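Trainee: The structure under discussion is supplied below as structure tokens; questions concerning it will follow.
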Amino acid sequence: MHGCSRKHNVKRVIFPRCSGILLHITSLPGGHGIGDLGSSAYEFADFLTDSGQKIWQVLPLSPTGYGDSPYQCFSAFAGNPLFIDLADLGQQDLLTAQDLANAPSFPEEHIEYERVIDFKLGLLRKAAHTFLADSGQADRRAFDTFCQQNSDWLDDYALFMACKTVYKNAAWSHWDHDIRHRDPSAVKEWQTKLSSETEVHKFAQFEFFRQWEKLRTHCSHRGIKIMGDIPIYVAHDSADVWAHPELFRLDDQGNPEAVAGVPPDYFSATGQLWGNPLYRWDVSARSGHRWWIDRVRASLKLFDLVRLDHFRGFEAYWEVLAGSPTAAGGRWEKGPGAEFFQTLQTELKELPFIAENLGVITPEVEALRKQFGFPGMSLLQFAFGNDPQGPSFRPHNYSPELVAYTGGHDNDTTVGWWTSSGTGESTRSAQDIRNEHDFTRAYLNFRDEPVNWVFIRTVLASVANVAIIPLQDVLGLGSNARMNLPGTLRGNWKWRYKPKALTKEITEQLRRLTTLYDR
């Protein structure tokens with residue numbers, strides 16, 4: 001491996017010993033039915049500082065489509081307009097006090113996406129029209145500059161979203177032939193016809209990125225790095241696939257020939273069928289992986305660190321024929337491997353990636369990760385069951401080049417994992433769970449202490465350079481605070497924490513442990 005490193009002149013990113021919290025923007029309190037980039041985001045950043053944390057990890061920030069999942073988005077480049085703080089638009093006089101006073105009543109602890117989308121996008125449209133009609137010279141110049149600097153993805157995204165409105169949200173593969181296949185004259189015609197609508201979408205992106213940069217600067221001044229997330233796959237119904245069909249395994253109609261997933265695993269006896277179109281890696285390579293370079297560069301403008309989702313798919317990926325009922329009948333195909341990362345590194349120099357190396361991990365996957373010096377991930381919840389890879393998740397086997405988690409966004413909360421039967425959400429039997437609990441108690445040497453704090457202490461005390469804790473575990477919440485249950489389409493991505501949940505006691509307890517273990 002050392003020979004490979006010298007040959008490729010691999011530049012490794014050193015991660016100092018620290019810890020952080022995993023919390024998606026949607027889960028912040030306040031706002032208008034969904035977490036946003038307003039005051040609660042700043043209060044959470046201050047909580048991170050007060051509790052000694054150095055990293056805020058978020059999920060993908062792109063506009064969500066199918067199932068409200070941040071891993072099924074309308075664009076890999078755009079920001080989610082639902083995250084825009086409406087109060088900020090009021091302060092800019094783009095919305096009136098009456099607009100904000102007329103907000104409907106939303107639940108505090110979960111998101112009702114359909115109602116939120118109707119309300120927020122309606123007001124964003126109004127704010128856009130006000131801005132486009134009445135903005136001052138400086139603001140208009142800033143907007144025009146943003147549009148020019150991001151035209152390589154923004155023009156396609158804005159037109160894609162405008163066309164979706166015309167086609168009543170139908171997937172692009174069901175649009176009329178000429179615009180579906182991006183006939184140049186059709187694209188020009190639709191751009192002209194929908195120009196006022198595309199401007200609305202461009203304004204929303206301008207405002208999202210302005211608000212995000214302001215929050216990121218606030219975090220940076222407090223010594224907090226933001227860790228983002230690059231999903232390996234993009235949604236079929238996205239501006240990316242519509243604008244770059246040559247990069248994806250599609251038929252003549254624009255539908256996927258083969259789709260992504262994973263074989264049977266902890267979460268499902270039939271595997272997980274994600275349905276995303278697979279890449280044509282040979283075509284990507286011939287372009288010098290230009291689309292990917294642009295995508296990673298855009299992410300590195302947003303984030304300090306990036307979790308590279310489903311890292312193993314870059315070494316080999318699970319291919320399932322389109323139309324298959326489950327992922328069980330798929331097969332492994334070779335991914336782009338070292339050539340891909342070397343191309344990225346040559347172009348972008350530093351790659352501050354954390355490799356999400358969970359699932360069926362082979363020696364080849366680990367060799368690729370180590371060749372480029374990307375830290376892997378370990379989830380403590382996976383350490384005590386009968387998974388053959390369980391021993392690698394136990395802290396005595398950790399290495400410093402690791403990001404250690406109590407659990408992740410696809411897991412139950414630690415309290416939920418400990419107290420529920422678990423048989424409905426994984427392939428574990430009731431006896432498996434009893435054995436797992438017995439081993440957990442013996443290994444962690446605890447009896448009556450709150451299991452979430454036992455887990456938090458364990459990852460903070462470990463030799464892993466970075467420890468990340470989902471906020472649900474800090475708050476000691478049960479399964480009702482779970483973010484996502486893989487393989488299901490309903491009820492996910494909805495959890496939010498209560499406005500006064502971050503108490504002084506919790507802040508001090510987390511800070512004590514963080515200080516104790518030199519993080």
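The values are calculated or read from the model by the stated rules, or taken from the named source; none is laboratory data. Bear in mind that the values here come from a model prediction, so they are computed numbers and not experimental data. All Cβ positions, glycine included, derive from the backbone under ideal geometry; neighbour counts span all protein chains shown.
Trainee: Ala501 is checked against (1) under 23 Å from the mean Cα position of the chain (by Cα); (2) surrounded by fewer than 16 Cβ atoms within 10 Å (Cβ to Cβ); (3) not in a helix (DSSP H, G or I); (4) not aromatic (Phe, Trp, Tyr) and fails just one. What number does that condition carry?
Mentor: Only one criterion in (1) under 23 Å from the mean Cα position of the chain (by Cα); (2) surrounded by fewer than 16 Cβ atoms within 10 Å (Cβ to Cβ); (3) not in a helix (DSSP H, G or I); (4) not aromatic (Phe, Trp, Tyr) is unmet by Ala501, namely (1).
Trainee: Being under 21 Å from the mean Cα position of the chain (by Cα) and either more than 21 Å from Ala78 (Cα to Cα) or of a type in the set (Gly, Ala, Ser) (or both) is the requirement here; does Ala355 meet it?
Mentor: Values: under 21 Å from the mean Cα position of the chain (by Cα): yes; either more than 21 Å from Ala78 (Cα to Cα) or of a type in the set (Gly, Ala, Ser) (or both): yes.
When the stated conditions are applied, Ala355 passes them.
Trainee: Within region 125-141, does at least one residue satisfy the condition of being in contact with a strand residue (DSSP E or B) (Cβ under 8 Å, 6 or more places away or on another chain) and of a type in the set (S, T, N, Q)?
Mentor: The first filter runs over region 125-141 and keeps only residues in contact with a strand residue (DSSP E or B) (Cβ under 8 Å, 6 or more places away or on another chain), leaving none.
Looking for residues that are in contact with a strand residue (DSSP E or B) (Cβ under 8 Å, 6 or more places away or on another chain) and of a type in the set (S, T, N, Q), one finds none in region 125-141, hence no.
Trainee: Considering each residue of region 249-275, count those that are modelled with pLDDT of 95 or more, in contact with a strand residue (DSSP E or B) (Cβ under 6 Å, 6 or more places away or on another chain) and of a type outside the set (A, V, I, L, M), and give that number.
Mentor: The qualifying residues number 2.
Trainee: Taking the condition among the aliphatic types (A, V, I, L, M) and surrounded by fewer than 20 Cβ atoms within 10 Å (Cβ to Cβ), does Val187 pass? So that I can check it myself, show each step before the final result.
Mentor: Numbers: among the aliphatic types (A, V, I, L, M): yes; surrounded by fewer than 20 Cβ atoms within 10 Å (Cβ to Cβ): yes.
It is true that Val187 is among the aliphatic types (A, V, I, L, M) and surrounded by fewer than 20 Cβ atoms within 10 Å (Cβ to Cβ).
Trainee: Kindly indicate the residue of region 401-413 that is in contact with a helix residue (DSSP H, G or I) (Cβ under 9 Å, 6 or more places away or on another chain) and either at pLDDT below 90 or more than 22 Å from Pro70 (Cα to Cα) (or both) and also surrounded by the fewest Cβ atoms within 10 Å (Cβ to Cβ) among those meeting that condition. Walk me through it before giving the result.
Mentor: Of all residues in region 401-413, those in contact with a helix residue (DSSP H, G or I) (Cβ under 9 Å, 6 or more places away or on another chain) come to 401, 404-408, 411-413.
Imposing the further condition that a residue be either at pLDDT below 90 or more than 22 Å from Pro70 (Cα to Cα) (or both) reduces the set to 401, 404.
On the way: Glu401: 18, Ala404: 26.
Here the residue is Glu401.
Trainee: I want to confirm something. Restricting to region 168-194 and keeping residues that are assigned to a helix (DSSP H, G or I) and under 32 Å from the mean Cα position of the chain (by Cα), which single residue is farthest from Asp252 (Cα to Cα)? Quick ask: steps written out before the conclusion?
Mentor: Taking region 168-194 and keeping what is assigned to a helix (DSSP H, G or I), we get 172-174, 177-180, 184-193.
Keeping just the survivors that are under 32 Å from the mean Cα position of the chain (by Cα) gives 172-174, 179-180, 187, 190-191.
Values: Trp172: 13, Ser173: 10, His174: 12, Ile179: 14, Arg180: 11, Val187: 19, Trp190: 22, Gln191: 24 Å.
The selected residue is Gln191.
Trainee: Here is a follow-up. Only one of Arg312, Arg297, Arg307 is surrounded by fewer than 15 Cβ atoms within 10 Å (Cβ to Cβ), over 30 Å from His174 (Cβ atoms) and modelled with pLDDT of 95 or more; which?
Mentor: The match here is Arg297.
Trainee: Ala158: part of a helix (DSSP H, G or I), crowded, with 20+ Cβ neighbours inside 10 Å and among the small types (Gly, Ala, Ser), yes or no?
Mentor: On the way: part of a helix (DSSP H, G or I): yes; crowded, with 20+ Cβ neighbours inside 10 Å: yes; among the small types (Gly, Ala, Ser): yes.
In short, yes.
Trainee: Can you tell me which residues in region 281-294 are crowded, with 17+ Cβ neighbours inside 10 Å and not hydrophobic (A, V, I, L, M, F, W, C)?
Mentor: Matches in region 281-294: Ser284, His289.
Trainee: When only residues in region 366-375 that are of a type in the set (D, E, K, R) and in contact (Cβ under 8 Å) with a residue 12 or more places away in the chain count, which is farthest from Thr343 (Cα to Cα)?
Mentor: The initial filter retains those residues of region 366-375 that are of a type in the set (D, E, K, R), namely 366, 369-370.
With the extra rule that they be in contact (Cβ under 8 Å) with a residue 12 or more places away in the chain, the set shrinks to 369-370.
Working: Arg369: 15, Lys370: 17 Å.
Among those that are of a type in the set (D, E, K, R) and in contact (Cβ under 8 Å) with a residue 12 or more places away in the chain, it is Lys370.
Trainee: Hey, another quick one. Quick check: anything in region 198-205 within 30 Å of Gly20 (Cβ to Cβ), aliphatic (A, V, I, L, M) and part of a helix (DSSP H, G or I)? Before you say what the answer is, go through the steps one by one.
Mentor: Of the residues in region 198-205, the ones within 30 Å of Gly20 (Cβ to Cβ) are 204-205.
Next cut, aliphatic (A, V, I, L, M) only: 204.
Now drop any that are not part of a helix (DSSP H, G or I), which leaves 204.
The answer is yes; a qualifying residue exists.
Trainee: For region 120-155, which residues satisfy the criterion of being surrounded by fewer than 20 Cβ atoms within 10 Å (Cβ to Cβ), over 15 Å from Glu207 (Cα atoms) and touching a residue at least 60 places away in the same chain (Cβ under 8 Å)?
Mentor: Asp152
Trainee: On to the next question. In region 374-393, how many are modelled with pLDDT of 95 or more, over 17 Å from Trp453 (Cα atoms) and not aromatic (Phe, Trp, Tyr)?
Mentor: 4
Trainee: Of the conditions (1) modelled with pLDDT of 95 or more; (2) under 16 Å from Phe382 (Cα atoms); (3) surrounded by 18 or more Cβ atoms within 10 Å (Cβ to Cβ), Tyr443 clears all except one; give me its number.
Mentor: (3)
Trainee: While we're on this one: Cβ contacts < 7 Å: first residue of a type in the set (D, E, K, R), restricted to region 287-298; second residue part of a helix (DSSP H, G or I), any location; separation 6+ or different chain. Result?
Mentor: Asp294/Asp152; Arg297/Leu348
Trainee: Any chance region 209-223 includes a residue that's at pLDDT 95 or above and assigned to a loop (DSSP other than H, G, I, E, B)?
Mentor: Residues of region 209-223 at pLDDT 95 or above: 209-223.
Among the residues that remain, those that are also assigned to a loop (DSSP other than H, G, I, E, B) are: 222-223.
Checked against the condition, which is being at pLDDT 95 or above and assigned to a loop (DSSP other than H, G, I, E, B), region 209-223 yields at least one hit.
Trainee: Which helices (runs of 4 or more DSSP H) does region 376-468 wholly contain that include 1 or more residues that are touching a residue at least 60 places away in the same chain (Cβ under 8 Å) and within 30 Å of Gly491 (Cβ to Cβ)? Explain how you work it out, then say what you get.
Mentor: Values: elements: 414-419, 430-444, 451-461.
Fully inside region 376-468 and qualifying: 414-419, 451-461.
Trainee: Right, next: Can you pull out every residue in region 74-129 that is of a type in the set (Phe, Trp, Tyr) and over 15 Å from Phe209 (Cβ atoms)? Walk me through it before giving the result.
Mentor: Restricting attention to region 74-129, the residues satisfying the condition of being of a type in the set (Phe, Trp, Tyr) are 74, 77, 83, 106, 113, 119.
Passing the criteria: Phe74, Phe106, Tyr113, Phe119.
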